[in-house]
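A.B. asks: Quick one: structure below, then a few questions.
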Ligand code: SF4
């Protein structure tokens, strides 16, 4: 298969690959999660709902997808972006076939779960979107690639193009870039909020209603009200893994509270699967950008992911986590712990009785251990030794729980006392964020389980 | 006092199941029986009676069938994975689990913290962990004859547990996953079910010639892995935590320390 394709062009492909992956790396999303799809005879690939990481780069981040730009040419001049038009860098573009060939060859070797294709805006949004579409079409229809594809929607491209591409992709994302419209205006003068939110809405609607189905190559017809199995089987799914977005954190002056409010409304109103937070890295040294002598704000990014988890899996609302009056995260305590300490009146909880969502709010108890508790207490009355076996981190939870009415040690339920003890137990922060200890990589949280976060 | 009886088996799935079968048949009493894998009998116990058992497919099948019907398919999966672990004491852990399982039925899996249940869960967790890492980190190289070859050296005996994933994924390809340590290979011919083959039957020399494209691809992949890292966030420590040395032996893109 494609044997002669690369041999005489090895150097040029390697060079393009290095330029176009280098330019893509600041996009933090690299997960392959959200769809379970079996292999099909005559095609190559399947997908695993939990996602898989195939390698870890020198920064410890997961490599799941071939994450590249189609082109690093761009007509726009966003101030934070390495590809901004005013920058003097080598520009290059792939062809759809080159991207498709690389994807297949990497996939066969189990290097990747699939492709994450983004691009600078070449010529105009429609031209760019067409190239992305053509790449996906090649992969899906000619190479019968059945693995994971995440594609960027280019703001400003035609609805129809976005729609067509959505039927070939597993996930589509449009980056919010900056948390607020003002932020966007100051740093990305060629973009506007509406242009970003409109296709987001379109993807959401397309996914929700599945109003259209692709008919032939180019037209989209309204789906007839037909629920027969055979017909449904032929229908292609529209972005089955949903859409995600990314915000740059720390380039503009928003508070943490503002940011998680934005995330919350994206989850609620746009039905996003994931919001990613990317600690700002100053690559362009533009005068309107903050200089970051301490390096990118990694702890802040980490706290945002923790809060994001509370929103998505722990039943929290943004207003419970932060407020106008305390708009920023506690540097020393994770947001769940912080919440528990300001709600001591709700504790201690009796582990053998408390409902699942109440258990989830106890520091030291995560999604897995809460589930295990609920299962195990059906057949036994749990004591502290059992909790330990079920994965509860006792040294964090003892202030907040009882087993059969008894606390593990006589402890005071008093904020200062608990804070002092909590701070003695080192929080397990990601390596590189200034702490030591085991760490589940951020972009992996919903892919690989959540051993250590928010316990 | 009744002397303790120690059933010795070879530690394979069939071996463990056969020993369990024999232990039940003897009606000697579970409390006085221990099952061990032969490789762990370093210090013989003075007052114990040793019985050597020999893997017997028929007996093994019977035990397997009882687990599936009297407990559940989930329990069977837990047991098989525990048996494919390399941890010492797995045979006895499975034996105890089955005692409780045959008595209580499918609900046995809910008794997570029971001393007869927890050990098999721990064995299973260890094996599952390794399986998920192998699904991530297995690498195929393309040979001259277009076969995709993956060399592995897993701690537990897991190639039969990872082969189904690749059969589904690479259904049109011819591929082979070769366990260097055990000299076993899972072989898949395009569109056929995969099979387990003894390494003795392989032609080693044909496994060493890469296709013309292979080297290019390795270079491209290396290029990609190197450039995708953000230099402001470099953390060798984090990288090591996520991708420990033991998985790197056959990952050409990663630095690997030979032990
Ligand atoms: S449009 Fe995208 S690629 Fe172009 S400068 Fe802005 S952020 Fe960069």
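A.B. asks: Scan region B:165-186 and tell me whether some residue there is within 12 Å of another protein chain (Cβ to nearest Cβ), assigned to a helix (DSSP H, G or I) and out of contact with any strand residue (DSSP E or B) (no Cβ under 9 Å at 6 or more places or on another chain).
C.D. replies: yes
Okay, residues lined up against (1) in a helix (DSSP H, G or I); (2) outside the structural domain of residue A:341 (by TED's automatic domain parsing); (3) at pLDDT 90 or above:
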residue	(1), (2), (3)
A:374	yes, no, yes
A:379	no, no, no
A:388	yes, no, yes
A:392	no, no, yes
A:408	no, no, no
A:413	no, no, no
A:418	yes, no, no
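A.B. asks: Need the failing condition index for residue B:134 against (1) more than 12 Å from chain A (Cβ to nearest Cβ); (2) within 29 Å of residue B:96 (Cβ to Cβ), just the number.
C.D. replies: With respect to (1) more than 12 Å from chain A (Cβ to nearest Cβ); (2) within 29 Å of residue B:96 (Cβ to Cβ), residue B:134 is out only on (1).
A.B. asks: Further question on the same structure: Considering only region A:62-74, how many residues are within 16 Å of the ligand (Cβ to nearest atom) and not in a loop (DSSP other than H, G, I, E, B)?
C.D. replies: 4
A.B. asks: Out of everything in region A:350-399 that is in contact with a helix residue (DSSP H, G or I) (Cβ under 6 Å, 6 or more places away or on another chain) and more than 28 Å from residue B:119 (Cβ to Cβ), what residue ends up being surrounded by the fewest Cβ atoms within 10 Å (Cβ to Cβ)?
C.D. replies: A:360
A.B. asks: Of the residues A:59, A:77, A:88, only one is farther than 25 Å from residue B:234 by Cα, away from the ligand (no atom under 13 Å from the Cβ) and surrounded by fewer than 21 Cβ atoms within 10 Å (Cβ to Cβ); which?
C.D. replies: None of the others qualify; the one that does is A:88.
A.B. asks: Take residue A:26 and decide whether it is surrounded by fewer than 21 Cβ atoms within 10 Å (Cβ to Cβ), within 16 Å of the ligand (Cβ to nearest atom) and at the interface with chain B (Cβ under 10 Å from one of its Cβ atoms).
C.D. replies: yes
A.B. asks: Confirm whether residue A:95 is more than 7 Å from every other protein chain (Cβ to nearest Cβ), at pLDDT 95 or above and either farther than 24 Å from residue A:302 by Cα or within 24 Å of the chain's Cα centre (by Cα) (or both).
C.D. replies: Here the answer is yes, as residue A:95 does meet what is asked.
A.B. asks: Determine whether region B:196-204 contains at least one residue that is within 14 Å of chain A (Cβ to nearest Cβ), out of contact with any helix residue (DSSP H, G or I) (no Cβ under 7 Å at 6 or more places or on another chain) and exposed (fewer than 14 other Cβ atoms within 10 Å of the Cβ).
C.D. replies: Checked region B:196-204: no residue is within 14 Å of chain A (Cβ to nearest Cβ), out of contact with any helix residue (DSSP H, G or I) (no Cβ under 7 Å at 6 or more places or on another chain) and exposed (fewer than 14 other Cβ atoms within 10 Å of the Cβ).
A.B. asks: So, in region B:208-243, how many residues would count as being in a helix (DSSP H, G or I) and either under 30 Å from residue A:298 (Cα atoms) or at the interface with chain A (Cβ under 7 Å from one of its Cβ atoms) (or both)?
C.D. replies: Of the residues in that region, 24 qualify.
A.B. asks: For the subset of region A:100-137 comprising residues that are away from the ligand (no atom under 16 Å from the Cβ) and within 23 Å of residue A:158 (Cα to Cα), which member is farthest from the other protein chains (Cβ to nearest Cβ)?
C.D. replies: So, considering only residues that are away from the ligand (no atom under 16 Å from the Cβ) and within 23 Å of residue A:158 (Cα to Cα), the one farthest from the other protein chains (Cβ to nearest Cβ) is A:130.
Table: residues versus (1) more than 14 Å from chain B (Cβ to nearest Cβ); (2) within 16 Å of the ligand (Cβ to nearest atom).
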| site | (1), (2) |
| --- | --- |
| A:143 | no, no |
| A:167 | yes, no |
| A:173 | yes, yes |
| A:180 | yes, no |
| A:185 | yes, yes |
| A:188 | yes, yes |
| A:195 | yes, yes |
| A:199 | yes, yes |
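A.B. asks: What pairs can you find where one residue is in region A:386-397 and closer than 17 Å to residue A:352 by Cβ and away from chain B (no Cβ under 12 Å), the other is surrounded by fewer than 22 Cβ atoms within 10 Å (Cβ to Cβ) and at pLDDT 90 or above, and their Cβ atoms are less than 6 Å apart, with a gap of 6+ or different chains?
C.D. replies: Between residues of region A:386-397 that are closer than 17 Å to residue A:352 by Cβ and away from chain B (no Cβ under 12 Å) and residues that are surrounded by fewer than 22 Cβ atoms within 10 Å (Cβ to Cβ) and at pLDDT 90 or above, the close pairs are A:394/A:388.
The values are calculated or read from the model by the stated rules, or taken from the named source; none is laboratory data. Computed from a prediction, not measured in an experiment: that's the story for all the values here. Cβ: placed from backbone, ideal geometry, glycine included. Neighbour counts: every protein chain shown.
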